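Q: What follows is a structure written as structure tokens; I'll ask about it next.
The values are calculated or read from the model by the stated rules, or taken from the named source; none is laboratory data. Just so it is clear, the model here is predicted, and its values are computed rather than measured. Neighbour counts run over all protein chains shown; Cβ positions are idealised from the backbone, glycine included. Each accessible area value is taken on the protein alone, full model and side chains, heavy atoms only, with ligands, DNA and RNA left out. Shrake-Rupley method; radii C 1.70, N 1.55, O 1.52, S 1.80 Å.
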Amino acid sequence: MVIATADTWSRSNLLAFGVTVIRGRWFSLFASFLIMAGAGATYLFAVYSKEIKSSLGYDQTTLNLLGFFKDLGANVGVLSGLIAEVTPTWFVLLIGSAMNFAGYFMIWLSVTGKISKPKVWQMCIYICIGANSQNFANTGALVTSVRNFPENRGVMLGLLKGFTGLSGAILTQIYLAVYGNDSKSLILLIAWLPAALSVVFVYTIRAMPVVRNPNGLKIFYQFLYVSIVLALFIMVMTIVEKMVTFSQAAYAGSATVVCALLFFPLLIAIREESITWTKKNLPINSNPPQIAIESSPVQDTPLSASKSEDKPNDTPCFADIFNKPERGEDYTILQALSSTDMMILFLATFCGLGSSLTAVDNLGQIGESLGYPTKTIKTFLSLLSIWNYFGRIFSGFVSESLLAKYKFPRPLMMTLILFLSCIGLLLIAFPFKGSVYFASMIIGFSFGAQLPLIFAIISELFGLKYYSTLFNCGQLASPLGSYILNVKVTGPLYDKEALKELAKKGMTRSSVKELTCIGTQCYRLAFVILASITFFGALSSLILVARTRKFYKGDIYKKFRDEADQAEMGVSISK
């Protein structure tokens with residue numbers, strides 16, 4: 001114990017408050033926003049894939065194979081989940097940081113010719129490692145935040161995944177300011193910047209006791225307003241940059257505003273911590289003669305740590321596979337994975353996210369096949385990133401509001417989103433003038449909306465005890481869908497059309513370095529198939545709606561409110 005006199009009160013109080021802010025759950029949330037804002041490098045694949053294709057001489061099928069391994073790495077997060085079950089959060093984030101830098105830095109060295117041309121399998125490994133790093137960011141930042149704010153998980157998932165959705169547009173603004181219009185340098189940026197963010201905030205993100213805050217939803221809406229302003233600013237700048245030629249200084253000014261808006265939530269976090277600090281401590285102007293200041297360090301625990309120490313006989317994570325609890329209780333890993341609900345969700349994810357990922361990965365080549373210039377194609381990708389954000393925010397906040405007010409089940413919201421996705425896919429299959437603009441917005445919105453819904457549904461149906469593993473298992477259908485629909489369907493159909501064009505010119509595949517298709521026929525059949533599969537996924541999700549209808553009519557967050565009340569009573573008694 002350290003005794004502070006009145007002369008040192010203000011200085012000691014300020015120092016203690018600073019430590020409280022940095023170790024507080026609101027600063028942890030702010031740090032999570034920044035990490036998630038850098039965790040969406042996979043959405044920029046369509047921007048730099050052209051550089052990979054041209055510099056390494058790949059055809060579309062090979063490029064789509066790289067896209068599959070990118071999706072495989074981005075969505076197979078079981079390893080990060082299992083590591084998080086037994087290690088603290090900082091370790092999870094450090095592993096992700098190292099993987100991010102190693103994977104993308106090797107791609108940059110390959111594309112710029114600083115190392116000898118790698119084999120295709122080596123490039124697949126590089127991009128898989130780089131993309132897999134975002135799962136460690138998700139597990140470290142997203143899962144921790146959901147556990148710190150369990151009553152607002154839909155809103156929380158929408159916000160965090162919303163920042164990830166904006167990540168592509170944010171990184172684009174920064175790279176234009178730092179490197180200029182050089183897609184190869186974009187690969188270098190996404191190698192070092194997300195890794196640096198995880199290292200800087202590695203010790204501030206950790207699981208904390210749940211504390212009820214009657215103004216919690218109001219605070220989250222303030223974060224939402226800041227993120228909306230950020231999204232709108234980037235959208236305006238994207239349009240302006242298309243119409244006007246920007247100087248390097250103008251790009252720097254735009255990036256400065258983006259960074260300022262990214263850090264604005266820090267002010268909200270400091271304000272909330274100051275309110276909590278004021279309630280727990282004497283007013284600063286009381287000037288007491290001496291004050292006892294105690295340091296009570298918080299032990300960082302693995303993400304799967306049990307909420308209570310009085311349950312020594314907790315069920316092991318792989319036990320009682322056939323003895324499943326009620327929906328909403330804590331399932332073990334095998335109980336959840338073998339449940340009918342998870343299998344239906346897996347099928348809907350395979351169809352929905354698999355088709356959406358295929359569309360996102362091919363958007364650059366879609367624009368090229370329809371004769372759009374490179375600058376316009378980048379506009380499509382920025383629009384997709386921004387509407388990806390709006391989709392995540394919409395599914396998080398709107399589904400939470402509808403659930404609270406009208407008991408509107410999240411699986412039904414997912415069904416509606418999948419039907420909407422079908423429209424965007426058909427706009428590419430049967431294009432008209434300007435249709436790709438609308439398709440970019442619809443596909444981006446529906447793609448973004450699916451992820452928070454899937455994560456929220458898993459947390460609500462199967463509990464939070466093994467959430468770090470289960471939410472990663474829930475996305476396994478996504479890379480499988482991407483592989484079948486992108487590598488085995490879309491890529492070969494595109495190459496088939498391109499070979500037809502070469503044959504009409506009396507040329508063969510060996511006559512050209514890069515296999516390119518131009519025309520509306522290039523992606524027509526592939527996207528008709530994608531739209532049909534997404535429609536089937538929407539119909540299958542209706543089965544989950546029927547199965548969980550009774551569950552969502554109940555009070556699914558009651559037990560978390562009870563636990564928070566008990567914790568507050570315990571604190572009051574100890575005082």
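Rundown of residues vs (1) out of contact with any strand residue (DSSP E or B) (no Cβ under 6 Å at 6 or more places or on another chain); (2) part of a helix (DSSP H, G or I); (3) buried (at least 24 other Cβ atoms within 10 Å of the Cβ), yes/no style:
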| site | (1), (2), (3) |
| --- | --- |
| Pro325 | yes, no, no |
| Asp330 | yes, no, no |
| Ala348 | yes, yes, yes |
| Lys375 | yes, yes, no |
| Asn388 | yes, yes, yes |
| Phe408 | yes, no, no |
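Q: Another question, then. Which one of the conditions (1) of a type in the set (A, V, I, L, M); (2) modelled with pLDDT under 90; (3) open to solvent by 80 Å² or more (accessible area, probe 1.4 Å) does Leu525 fail to meet, given that it meets all the rest?
A: Here Leu525 meets the rest and fails (2).
Q: Looking only at residues in the range 91-122 that are of a type in the set (Ser, Thr, Tyr) and under 21 Å from Ser55 (Cα atoms), which one is nearest to the chain's Cα centre (by Cα)?
A: The selected residue is Tyr104.
Q: Give me the pairs, please: first residue somewhere in the range 461-476 and more than 18 Å from Thr349 (Cα to Cα), second residue anywhere and assigned to a loop (DSSP other than H, G, I, E, B) and at pLDDT 85 or above, beta-carbon distance under 6 Å, and either six or more positions apart or on two chains.
A: Gly463/Glu329; Gly463/Asp330; Gly463/Tyr331; Lys465/Asp330
Q: Search the range 204-233 for residues that are closer than 17 Å to Leu142 by Cβ and pair each with any residue that is acidic (Asp, Glu) when their beta-carbon atoms are under 7 Å apart and the residues are at least 6 apart or on different chains.
A: Arg206/Asp300; Val210/Glu563
Q: Checking Tyr43 against (1) within 23 Å of Lys184 (Cβ to Cβ); (2) open to solvent by less than 10 Å² (accessible area, probe 1.4 Å), which single condition isn't satisfied?
A: Going through the list (1) within 23 Å of Lys184 (Cβ to Cβ); (2) open to solvent by less than 10 Å² (accessible area, probe 1.4 Å), Tyr43 breaks only (2).
Q: Of the numbered conditions (1) touching a residue at least 24 places away in the same chain (Cβ under 8 Å); (2) open to solvent by 10 Å² or more (accessible area, probe 1.4 Å), Lys496 fails exactly one; give the number of that condition.
A: So the condition that Lys496 fails would be (1).
Q: Do we have any residue at all in the range 166-183 that's under 21 Å from Val92 (Cα atoms) and in contact with a Phe, Trp or Tyr (Cβ under 6 Å, 6 or more places away or on another chain)?
A: Within the range 166-183, the first condition is being under 21 Å from Val92 (Cα atoms), and the residues that meet it are 167.
Checking the rest, the ones that are also in contact with a Phe, Trp or Tyr (Cβ under 6 Å, 6 or more places away or on another chain) come to none.
No.
Q: Are there any pairs, at least 6 apart or on different chains, whose C-beta atoms fall under 7 Å, with the first in the range 386-409 and in contact (Cβ under 8 Å) with a residue 40 or more places away in the chain and the second charged (D, E, K, R) and open to solvent by 40 Å² or more (accessible area, probe 1.4 Å), and if so, which?
A: Going by the 7 Å Cβ cut-off, the qualifying pairs are Lys407/Lys553; Pro409/Arg549.
Q: Would you mind stating whether Phe536 is more than 27 Å from Glu329 (Cβ to Cβ), of a type in the set (Phe, Trp, Tyr) and either modelled with pLDDT under 75 or open to solvent by 70 Å² or more (accessible area, probe 1.4 Å) (or both)?
A: Yes.
Q: Is it the case that Val210 is open to solvent by 10 Å² or more (accessible area, probe 1.4 Å) and over 29 Å from Lys465 (Cα atoms)? Show your work before the answer.
A: Values: open to solvent by 10 Å² or more (accessible area, probe 1.4 Å): yes; over 29 Å from Lys465 (Cα atoms): no.
No.
Q: Continuing with this model, one more query. Of the conditions (1) within 19 Å of the chain's Cα centre (by Cα); (2) outside any helix (DSSP H, G or I); (3) not small (Gly, Ala, Ser), Thr204 fails just one. Which one is it?
A: The single condition Thr204 does not satisfy is (1).
Q: Counting just the residues of the range 139-176 that are of a type in the set (Val, Ile, Thr) and under 29 Å from Leu82 (Cβ atoms), which one comes out surrounded by the most Cβ atoms within 10 Å (Cβ to Cβ)?
A: Keep residues of the range 139-176 that are of a type in the set (Val, Ile, Thr), which gives 139, 143-144, 146, 155, 164, 170, 172, 174.
Next, from what is left, pick out any that are under 29 Å from Leu82 (Cβ atoms): 139, 143-144, 146, 155, 164.
On the way: Thr139: 29, Val143: 29, Thr144: 25, Val146: 23, Val155: 25, Thr164: 32.
The selected residue is Thr164.
Q: Of a type in the set (Phe, Trp, Tyr), assigned to a helix (DSSP H, G or I) and touching a Leu at 6+ places or on another chain (Cβ under 9 Å) - does that describe any residue in the range 412-425? Can you show your working first?
A: Narrowing the range 412-425 to residues of a type in the set (Phe, Trp, Tyr): 419.
From the residues that got through so far, the ones that are assigned to a helix (DSSP H, G or I) too are 419.
Checking which are touching a Leu at 6+ places or on another chain (Cβ under 9 Å) leaves us with none.
No, the range 412-425 contains no residue that is of a type in the set (Phe, Trp, Tyr), assigned to a helix (DSSP H, G or I) and touching a Leu at 6+ places or on another chain (Cβ under 9 Å).
Q: Across the range 354-373, which residue is farthest from the chain's Cα centre (by Cα) among those that are open to solvent by less than 20 Å² (accessible area, probe 1.4 Å) and farther than 26 Å from Ala538 by Cα? Steps first, please.
A: Initial filter on the range 354-373 (open to solvent by less than 20 Å² (accessible area, probe 1.4 Å)): 354-367, 369.
Remaining after also requiring farther than 26 Å from Ala538 by Cα: 364-365, 367, 369.
Details: Gly364: 21, Gln365: 24, Gly367: 25, Ser369: 29 Å.
Ranking the candidates gives Ser369 first.
Here's the yes/no breakdown for (1) open to solvent by 20 Å² or more (accessible area, probe 1.4 Å); (2) of a type in the set (Val, Ile, Thr); (3) under 19 Å from Thr144 (Cα atoms):
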| position | (1), (2), (3) |
| --- | --- |
| Val178 | yes, yes, no |
| Lys184 | yes, no, no |
| Ala191 | no, no, no |
| Lys218 | yes, no, no |
| Thr238 | no, yes, no |
| Thr245 | yes, yes, no |
| Ser254 | no, no, no |
| Phe264 | yes, no, no |
| Trp277 | yes, no, no |
